[in-house]
Amino acid sequence: MKRLISLVVALMMFCGASALSEALPAETLFTPGTYEAEAQGLLSSVKVQITVSEDEITDVSIDATGETPTLGGAAAEMLAGAILNAQTPNVDSMSGATVTSKAIIAAATEALEAAGADIAVLDEFRRDTDGAETPKEDKTVDTEIVIIGAGGAGMTAAIMAKQAGKDFVILEKMPYVGGNTTKATGGMNASETHYQKEQGIEDSSALFAADTMKGGHALNDPKLVAMLADSSSDAIDWLDTIGADLPKISFSGGASVNRIHAPADGSGVGNYLVDRFSAKLAELGVEVMLNTKATELLVDGEGKICGVKAEGPDANYTFNCKAVILATGGFGANEDMYTQFRPDLKGTVTTNAPGATGDGIVMAQALGADLVDIEQIQLHPTVEQSTSMLITESVRGDGAILVNQKGERFTNELLTRDAVSAAELAQEGQYAYILFDQNLRDHLKAIEKYVKAELTVQADTIEGLAEQLGIDPAVLAKTLADWNEIVKNQRDTQFGRTTGMNADLTTPPYYAIKIAPGIHHTMGGVKIDTAAQVINTEGKPIPGLFAAGEVTGGVHGGNRLGGNAVADIVIFGRIAAESAIEYVGK
Ligand code: ADP
């Protein structure tokens, strides 16, 4: 290899780099064969297998299935292609999957080094695919409906549209589906469901609506809230029909009764639904157009929707259509946009997927759409700051407590998200620790992810845990003893907590995760009516334009309750599809 480098250096003195790559003595690059290596990703060990000839990487195969299924799979596919094209392991990470991408790059580097490669030389002679790109062709496609965004709302609408036999396309700008929906960990709020009845839980849609209004500080649009609550039981039945059952019911902050519906095995609801929706779409033969970003909505002379412009990987599209369903999500990953409405949030970490940049809001506004509650942005109180990973509400719902750096509780941990976030920000250092025990871990599958991602600190005793956290052991021991007494008496004399007190924290080992608030949900967005029609600044529907999910405003008001985002996407995703189907049928 030394000989090669000196040859390269010598050649560089005489000719340009492009001529050089042709001039490379091919036989010296690799020892032909297939090489394997592994590296730790976010949740699993990522495996890379690379086959090389003497002068070329000929095959790259990556297994990242142990990571989150959609993201891991997409990152594996994308980076395998990129490494093969560039002929070096040093390629760009996939947005939204940085840790997985870094693991892939590390494993690919190790495999290639085992093949005798000098990575610096590979980098030097990387094949520049950018320059070789052919200009994109322009394509025009006629269809009835364009669904923009393949998160929960868009995929729900797509299943409905396909089941109704409609001609449509669904566009997703990222290389993977799921959006922010994959980040939802709790469940879906729904009232008067067959699961509640079977489990003896008394609830009513009026109570669900009242809780939602109260949680949203009554800023919500009461008609949208009533629609959400009244349609929620049907939505649960519909999820059953597509194999996405949510039978496990528990408590979530702001609800008067146990109302949040989750998967049976306690896994995160977002990934669960996105997996089921993807499987259903595949079964129905619907292909999501990935890497295809909608850039503009088109209207005819009468102001009716007539098309969408989009940029795909190989073509620029004009879709001629009669209706559009905007399901582009919120803008929590667009710092420029949220600081425009909320300058005080500058620099706050976000739990959002990278595609949540508010495109739908901007495109709809260009057609005169009205916006509601746009400055209402929810902080989630339990976000691990180095990874932006959200620690699900269920951890507190199942019995965890929050303590500050002094080792003391400082709030009712199950107040609404804005209240708990504000309480944390009032602590020294503006952070806290979420504390739980082995018993809680055994009952909540979501915790395994935090342990695998090495976010937890653990110890066999409370005192040992305190020492690791730099907390006075005596104070933390007293806090835990007091808490266990509260659970025993079912009376929180300190902060008035009344829920998530079914089990004490007495089973070692004990765990803690350092957390602080993060931007979680943009409650405001385009104004819609109960038929999911987008309303303009004159109070009139924009003909043919429908919207559902986080792109819209009005459902959540000033604070979204845990479990209501999933309710929103499924319920209004279905309504938007029904309205669009009816509209194009006219
Ligand atoms: P919701 O919960 O409302 O369904 P998500 O965040 O889950 O919202 O999904 C929104 C999806 O829309 C994301 O996957 C995001 O990448 C995608 N998206 C956002 N803007 C565009 C755009 N301009 N074109 C295509 N897809 C988009």
May I ask you to list pairs of residues, at least six apart or on different chains, whose Cβ atoms are under 7 Å apart, with the first in region 252-277 being over 14 Å from T499 (Cα atoms) and free of Cβ contacts under 8 Å to residues at least 40 places away in the same chain and the second being of a type in the set (V, I, T) and in a loop (DSSP other than H, G, I, E, B)?
-> R276/I242
Any residue in region 279-294 that is open to solvent by less than 30 Å² (accessible area, probe 1.4 Å), out of contact with any helix residue (DSSP H, G or I) (no Cβ under 8 Å at 6 or more places or on another chain), within 16 Å of the ligand (Cβ to nearest atom) and assigned by TED's automatic domain parsing to the domain that holds G355?
-> yes
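Name the one entry in I159, I170, I201, I147 that is outside the structural domain of Y35 (by TED's automatic domain parsing) and in a helix (DSSP H, G or I).
I159
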In region 302-333, how many are over 30 Å from L379 (Cα atoms), touching a helix residue (DSSP H, G or I) at 6+ places or on another chain (Cβ under 7 Å) and not hydrophobic (A, V, I, L, M, F, W, C)?
-> 1
Scan region 160-174 for residues that are within 13 Å of the ligand (Cβ to nearest atom) and either open to solvent by 30 Å² or more (accessible area, probe 1.4 Å) or among the hydrophobic types (A, V, I, L, M, F, W, C) (or both) and jot them down.
-> V169, I170, L171, K173, M174
Go through region 83-111 and give me each residue that's among the small types (G, A, S) and either within 24 Å of the chain's Cα centre (by Cα) or within 17 Å of Q40 (Cα to Cα) (or both).
-> S93, S95, G96, A97, S101, A103, A106, A107, A108, A111
With the condition kept exactly as written, say whether any residue in region 182-195 is of a type outside the set (D, E, K, R), part of a strand (DSSP E or B), open to solvent by less than 20 Å² (accessible area, probe 1.4 Å) and in contact (Cβ under 8 Å) with a residue 40 or more places away in the chain.
-> yes
Out of all the residues in region 124-132, is one or more among the aromatic types (F, W, Y), outside any helix (DSSP H, G or I) and either away from the ligand (no atom under 14 Å from the Cβ) or closer than 27 Å to L246 by Cα (or both)?
-> yes
Tally of residues being within 12 Å of the ligand (Cβ to nearest atom) and not hydroxyl-bearing (S, T, Y) across region 533-552 | 5
T100: passes all of (1) open to solvent by 70 Å² or more (accessible area, probe 1.4 Å); (2) assigned to a helix (DSSP H, G or I) but (1)
Looking at (1) at pLDDT below 95; (2) within 20 Å of N564 (Cβ to Cβ), which is the one condition that is false for K452?
-> (2)
Among (1) without any contact (Cβ under 8 Å) to a residue 24 or more places away in the chain; (2) over 23 Å from the mean Cα position of the chain (by Cα); (3) assigned to a loop (DSSP other than H, G, I, E, B), where does E463 come up short?
-> (3)
Only one residue in E67, E110, E77 is part of a loop (DSSP other than H, G, I, E, B) and away from the ligand (no atom under 16 Å from the Cβ). Which one?
-> E67
Give region 217-271 a look and list any residue that's of a type in the set (S, T, Y) and surrounded by fewer than 18 Cβ atoms within 10 Å (Cβ to Cβ), or say none.
-> T241, S256
Output the number of residues of region 451-509 satisfying the condition of being open to solvent by 30 Å² or more (accessible area, probe 1.4 Å), in contact with a Leu (Cβ under 9 Å, 6 or more places away or on another chain) and among the β-branched types (V, I, T).
-> 5
Counting only residues that are more than 15 Å from the chain's Cα centre (by Cα), within 16 Å of the ligand (Cβ to nearest atom) and crowded, with 17+ Cβ neighbours inside 10 Å, how many does region 336-361 have?
-> 5
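The values are calculated or read from the model by the stated rules, or taken from the named source; none is laboratory data. It should be emphasised that the depicted structure is a prediction, and the values quoted were computed from it without experimental measurement. Quick reminder, even Gly has a Cβ in these numbers, built from the backbone with ideal geometry, and neighbours come from all protein chains shown. The accessibility values were calculated without ligands, DNA or RNA, using every heavy atom of the protein model including side chains. Shrake-Rupley method; radii C 1.70, N 1.55, O 1.52, S 1.80 Å.
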